[in-house]
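The next block holds one structure in the form of structure tokens; read it before the comments.
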Amino acid sequence: MTAQTADPTSDTPPGRQTGGHPQRWLILGVICLAQLTVLLDNTILNVAIPSLTEEMDASTADIQWMINAYSLVQSGLLLTAGNAADRYGRKKMLVAGLALFGIGSLAGSLAQGPQQLIAARAGMGIGGALLMTTTLAVVVQVFDEGERPKAIGVWGAVSSLGFAAGPLIGGSLLEHFWWGSIFLINLPVALLGLAAVVWLVPESKNPTGDRPDLLGALLSTIGMTGVVFAIISGPEHGWTSQRVLLSAFVGVVVLTGFALWERRIPYPMLDMHFFRDRRFVGAVGGGILVAFGMGGSLFLLTQHLQFVLGYDALGAGLRTAPLAVVIVVLNLSGVGARLLTKLGTPATILCGMGLLAVGLALIATLGADGYSGMFLGLVVMGAGIAVSMPAMATAIMSAIPPEKAGVGAGVNGTLTEFGNGLGVAVLGAILNSRFGALLPAAAAGAGSLPAAYTAARTEADRASVADAFASGVQTSQLVGSAAVLAGGVLTAVLLRRAERSQEAGAAA
């Protein structure tokens, strides 16, 4: 009997055993370190806005592009980055992502003007797209099906930790150093991550070596960029403005062309047949709605905390932190993974999305006048997200062949970005509509809460303005709660039907 040698093009990493890679938990730590670097930068810049405005003489438009260049480039490239990781090697793309992110961070810290910083942020977005897709894909490769839900739960916990810690770390750095320190902090983490990835993470890629789908990559990037740009621009410029409608139209048309192109070529970047799988469709729909509820809710909460309850930006960030803390604690303790094993995917997702809906309703009904009711709602929301998100990520990745893990991770990241943006767009529009309808006569027509306060002539008018805004937030949160609950039921039904179809096919 001859000894078997590892195929360098195989999708199974060298040394992988039936229980997963022997160093899988150490590899997960490395992956989480890389993931944390990206996610910190999603929120860390927000607290530096006053410093950048003053020291760079940046306009409001400059500040918006500094923040949005990163998320716009990252969102547009997620599918393409996932496909590149599957084709050329996930370890290679992980190394490239860390290197690009580190170089972009260094360039950002040295920027002398707004345009240089915007360009650096865009470069960091390219690295971020590579990291967001390869980290989850590597987790899928090195863990077997039994341990994968727990590993994805830990991966998700780090995502929440990055979201919560960004403003806190940024605020602490800015108290002692200049604004460039928020970018320099990424360098030691990126260098440590690079060394650890090269040493520990095994290479894996699609063994079939499909031809690159260059037109598909171009169409997906343009289409996603157009849609995300419309979502980002909507709150500032109005949802019916020419730039938003044109951007959304171009994005939808190009994404439609992308879907048609992917259906007719023999080597698609994203196989449209995945959407015939009820597991995949159910998990994608549920993931969008969870991100919808979380993104839209936090958008409303930060405004309510600052404009109505009077907290500053850092104080508001601290008071939304319990959401992330609960997610981190529950995911690190493996609660979601144990529930998934005991209840199954449909019931676990329904349970999680039900808790998320209850949390949103609690915030709407108990959090209008003070923080205590809001705190309870945030804790329940965190429990719901901790239970549902790992289950949905597992369902998405399980519905996609292992050799396409990068594309699966790209889909997961894309739907999260889309859901967050959709939540801000829809719930923000409901808030504005309700707020405008309840404004007193003295402030009628004001387009924002500060403008309404300026127009208010008496203390009674100002109290009416605050009540109108609180009522708008409450209505929006209740709509979000209903949408998440309905989505949870629909997702559970689709996933259960998919399981029954599989069981019937196996029996036959």
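The values are calculated or read from the model by the stated rules, or taken from the named source; none is laboratory data. Every value quoted in this text rests on a predicted model; they were computed, and no experiment measured them. Here the Cβ is made from the backbone with ideal geometry for all residues, glycine too, and neighbour counts use every protein chain on show. All accessible areas refer to the heavy atoms of the entire protein, side chains included, with ligands and DNA or RNA removed. Shrake-Rupley method; radii C 1.70, N 1.55, O 1.52, S 1.80 Å.
A few remarks follow.
- Residue ID - farthest from Leu355 (Cα to Cα), chosen from residues in the stretch 456-466 that are in contact with a helix residue (DSSP H, G or I) (Cβ under 7 Å, 6 or more places away or on another chain) and open to solvent by 50 Å² or more (accessible area, probe 1.4 Å): Arg457
- Note on the stretch 121-141: residues that are in contact with a Phe, Trp or Tyr (Cβ under 9 Å, 6 or more places away or on another chain) and open to solvent by less than 10 Å² (accessible area, probe 1.4 Å) amount to 9.
- Ser172 vs. criteria farther than 22 Å from Gly82 by Cβ and either among the aromatic types (Phe, Trp, Tyr) or at pLDDT 75 or above (or both): no
- Criterion (at pLDDT 80 or above and either part of a helix (DSSP H, G or I) or open to solvent by 30 Å² or more (accessible area, probe 1.4 Å) (or both)) met by exactly one of Ala483, Ala442, Ala504, Ala498: Ala483
- Test for Val473: is it in contact with a His (Cβ under 6 Å, 6 or more places away or on another chain), under 25 Å from Leu362 (Cα atoms) and either in a helix (DSSP H, G or I) or open to solvent by less than 40 Å² (accessible area, probe 1.4 Å) (or both): yes
- Any pair with Cβ under 7 angstrom, 6 or more apart, that starts in the stretch 324-336 at a residue that is without any contact (Cβ under 8 Å) to a residue 12 or more places away in the chain and ends at one that is charged (D, E, K, R) and surrounded by 22 or more Cβ atoms within 10 Å (Cβ to Cβ): none
- Residue list for the stretch 68-99, filter: closer than 12 Å to Ala34 by Cβ and open to solvent by 10 Å² or more (accessible area, probe 1.4 Å): Lys91, Met93, Val95, Ala96, Ala99
- A Cβ distance below 6 Å, combined with a sequence gap of six or more or placement on separate chains, defines the contacts here; from the stretch 285-312, residues that are crowded, with 22+ Cβ neighbours inside 10 Å reach residues that are aromatic (Phe, Trp, Tyr) in the pairs Leu305/Tyr311.
- The combined condition, being of a type in the set (Gly, Ala, Ser) and closer than 18 Å to Ala483 by Cα, is fulfilled by Gly352.
- Hey, Val281 open to solvent by less than 50 Å² (accessible area, probe 1.4 Å), among the β-branched types (Val, Ile, Thr), under 24 Å from Ser398 (Cβ atoms) and at pLDDT below 80 or not: no
- Filter pass, Leu184 being surrounded by fewer than 18 Cβ atoms within 10 Å (Cβ to Cβ), modelled with pLDDT of 75 or more, aliphatic (A, V, I, L, M) and under 30 Å from Gly113 (Cβ atoms): yes
- A Cβ distance below 7 Å, combined with a sequence gap of six or more or placement on separate chains, defines the contacts here; from the stretch 215-226, residues that are in contact (Cβ under 8 Å) with a residue 40 or more places away in the chain reach residues that are open to solvent by less than 30 Å² (accessible area, probe 1.4 Å) and outside any helix (DSSP H, G or I) in the pairs Gly216/Pro268; Gly216/Met269; Ala217/Met269; Ser220/Met269.
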